[in-house]
1. Check Leu64: other-chain or 5+ apart residues with amide H under 5 Å from its amide H, H built from backbone geometry?
2. Only bridges whose two residues both fall in region 91-213 count here: according to DSSP, what percent of them are antiparallel, nearest 5?
3. Ignoring any ligand, DNA or RNA, what whole percent of the accessible area of the chain comes from carbon and sulfur when the probe is 1.4 angstrom?
4. What number comes out for accessible area per residue over the chain if the probe is 1.4 Å? Units Å², please.
5. What residues qualify as long-range amide H neighbours of Asp49, i.e. H under 5 Å apart, gap of 5 or more or another chain, H built at 1.01 Å from N?
6. State the antiparallel share, in %, of DSSP beta bridges confined to region 1-129, rounding to the nearest 5.
7. Subtracting the Cα-Cα distance from 0.36 nm times the residue separation, let me have the gained length for Ala198 to Arg112 in nm, one decimal.
8. Let's see if you can work this out: charge +1 on each Lys and Arg Cβ, -1 on each Asp and Glu Cβ, no other charges. What is the dipole magnitude of the chain about its Cα centre, in debye to the nearest 20?
Amino acid sequence: MLFRDRIDAGRQLAGRLADLSGPVVVLGLPRGGVPVAAEVAAALRVPLDVVVVRKLGVPSQPELAMGAIGEDGTRVLEERVIQRARVSDEQLRAVEERERSVLQARTALLRRGRARIDLTGRTAVVVDDGVATGATARVACRVVRGLNAARVILAAPVAPFDAAARIPEADAHVFLAVPHRFRSVGEHYGDFSPVEEAEVISLLNAAAAGRPD
């Protein structure tokens, strides 16, 4: 165990990002990445937003990502996973259609009453509570790149040792731990309880209320 919970992880991660300069926006990946991102944004005193993505899980093993989709139509596929799991084109289409419907609903819910923060010319720090296959992180980095961020940094408390090579979409990677024997993100947390939508919305609303003009 490296982190007590997501709050502890976020505070530790903020320490590694303290030297960032220029206009910065921190973007959490819902749901688990947002509590981590909120701590980073608060410590750096910069705006907090979300970048909404959905994992495409293997039909027989939903927790295993065979790809991911983003809120602007971006898609990344993990071809090796698809081949090993023998996922057909029809199965892939069915999973993507289902997850895109969820993605659209979640985007509308999380952005209700709040405009997306303009990333033009800013450093976008994409934060998750951990990286596994890297599919969702790749999509998230592509999304913020498409929103004209000047620089994209992927930051997470824990990731596999080769995670940086898996995610070339980021200009820089900040990971606190990169174990060679990586089984899951949750094994590195004392408390890795599920994060509810209500908590994500509360954190985003609180950050928006305290955001300077």
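The values are calculated or read from the model by the stated rules, or taken from the named source; none is laboratory data. These numbers come from a predicted model, not from an experiment. So basically every Cβ, Gly included, is an ideal-geometry build from the backbone, and we count neighbours across all protein chains shown. Quick note on the areas: whole protein, heavy atoms, side chains included, nothing else; ligands and nucleic acids left out. Shrake-Rupley method; radii C 1.70, N 1.55, O 1.52, S 1.80 Å.
1. Here Val58 satisfy the definition.
2. DSSP beta bridges in region 91-213 are roughly 10 percent antiparallel.
3. Answer for the chain is 47 percent, counting heavy atoms of protein chains only.
4. Accessible surface, normalised per residue, equals 50 Å².
5. So Asp49 has HN proximity to Val26, Leu27, Gly28.
6. On the way: 9 of 17 bridges.
DSSP beta bridges in region 1-129 are roughly 55 percent antiparallel.
7. Numbers: separation 86, 0.36 × 86 = 30.96 nm, distance 1.26 nm.
Fully extending the segment from Ala198 to Arg112 adds 29.7 nm.
8. Numbers: 29 positive and 27 negative charges, 46 e Å.
That gives the chain a dipole magnitude of about 220 debye.
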